[in-house]
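First up is the structure itself, then whatever we jot down about it.
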Amino acid sequence: MRLLDRYLLREMIVPFFVGTVSLVLMFQINTYIFVGKNFNTDNIPFKAILQYILYLTPSFMRMTLPVGTALATSLAMTRIARESELVAMRGAGIRVLRVIRPVAMFGIAVAALSFYTVERVAPVATARAKSIGIQFGLVGGLTSFKSNAFISLGKYSASFGSVDRSPDDKLRIVDVILVSRPRPGETEFIQAKDATYDRGLWTFRESFIRRFKGENLVQWRPIGDFIVNEKVVVDQVMGGGTDPEEQTLEKVRETIASGKRLRQD
């Protein structure tokens, strides 16, 4: 029976590679045409364009691998049926499900390869392609933080005047307002001159508190520096950044959990 498995796999290997490579080339050529039509390539090194397309290729694989598998399966099964080889196999006592088994195993193997490509290879390569695209103006950079927009930080609703991001994913924040409702009818405002965010810790400096009961100010006092422990995904605070194609499954889950904490859609 192993002879049957090897025979059917040989029938699928060639159309699989031909179909997958052909589709990848189509995506690469389409990307090159898009760059040529929408950007002035005289100011972009040809090597940079090739690198940009090469780093995007793993992200194409999530679409081309399933199509290549479908093409290989259909061509292999059609050929053995057309030339009566399937009839001969059944005449030898081989069940149809037994004939399909190597095809199913081939599909499972390609699915595992596709998952590994999407989970491990594509995020790193797509991030590198985006970096090259930003450097040469092929794609836009990070969306800047929107001022006067509120996010949820524990019991506070926070509004930031401006936010800068450092390469190590720390945030430098200027002009902070935190709002909470400690008791019914009371509103608490905390204003900080600046703040930083580093791996889950928000540090607010030179802060003072105002507490209102209804329309009356009942408390005002400086409180100095204080810390809020609330881990978030930095790209969500910045209002843009990492695309799903650049994220592993673990990163996607972290982004979803952070979005729920920030009460985002």
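The values are calculated or read from the model by the stated rules, or taken from the named source; none is laboratory data. Just so it is clear, the structure is predicted and the values come from calculations on it, not from any experiment. Neighbour counts are summed over all protein chains in view; Cβ atoms, including those assigned to glycine, are modelled from backbone coordinates with ideal geometry. These accessible areas exclude ligands, DNA and RNA; they are computed on the full protein's heavy atoms, side chains included. Shrake-Rupley method; radii C 1.70, N 1.55, O 1.52, S 1.80 Å.
Values as computed for the structure displayed
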item	result
Using a Förster distance of 22 Å, the FRET efficiency for residue 7-residue 113 (Cβ separation, nearest 0.05)	0.50
Helical mean residue ellipticity (222 nm; -39500 (n - 2.57) per DSSP H run of 4+; nearest 500) of the chain	-17500 deg cm²/dmol
Whole-Å distance, taken between Cα centres, linking the stretch 88-124 and the stretch 197-234	57 Å
Relative contact order of the stretch 99-222, pairs being alpha-carbon contacts under 8 Å that are 6 or more residues apart, as %	12 percent
Of every Cα-Cα pair in the chain, the percent that sits beyond 30 Å	54 percent
Residue order for 134, 29 - accessible surface, 1.4 angstrom probe, largest first	29, 134
Degrees, to the nearest 10: 122-135 long Cα axis against longest axis of the chain	60 degrees
Heavy-atom accessible area order for 6, 210, largest first, 1.4 Å probe	6, 210
Residue 203 accessible area, assembled protein chains, probe 1.4 Å, Å²	40 Å²
Sequence-separation-based contact order of the stretch 1-121, relative, with Cα cut under 8 Å and 6+ spacing, percent	42 percent
Helix 2-38 vs. the chain, principal-axis angle (Cα, 0 to 90°, nearest 10)	50 degrees
Candidates per GluC sites (Glu not before Pro) in the stretch 1-92, loop by DSSP, up to 15 other Cβ within 10 Å	83
Size of the stretch 1-111 as Cα extents on the principal axes (Å, biggest first)	67, 24, 16
Accessible surface, the chain, averaged per residue in Å² (probe 1.4 Å)	61 Å²
Computed magnitude of the charge dipole of the stretch 74-205 (debye, nearest 20; Cβ of K, R +1, Cβ of D, E -1)	540 debye
The stretch 70-192 - Rg and Dmax from Cα coordinates, angstrom	29.5, 85
Straight-distance crosslink candidates among lysines, where the alpha carbon sits under 24 Å from residue 231 and sequence neighbours closer than 8 are dropped	146, 155, 170, 193, 251, 260
Loop-located trypsin sites (Lys or Arg not before Pro) in the stretch 173-205, at most 15 other Cβ atoms within 10 Å (DSSP)	199
Accessible surface of the chain, 1.4 Å probe, proportion on carbon and sulfur as whole %	59 percent
Accessible surface, 1.4 Å probe, highest first, among residues 26, 63	26, 63
Electrostatic dipole magnitude of the chain [Cβ: Lys, Arg +1; Asp, Glu -1; Cα centre; debye, to 20]	740 debye
Spin-label pair residue 218/residue 79, simplified geometry with 7 Å Cα→Cβ offset, distance in nm	8.3 nm
Degrees separating the helix 249-261 axis from the principal Cα axis of the chain, which is the longest one	30 degrees
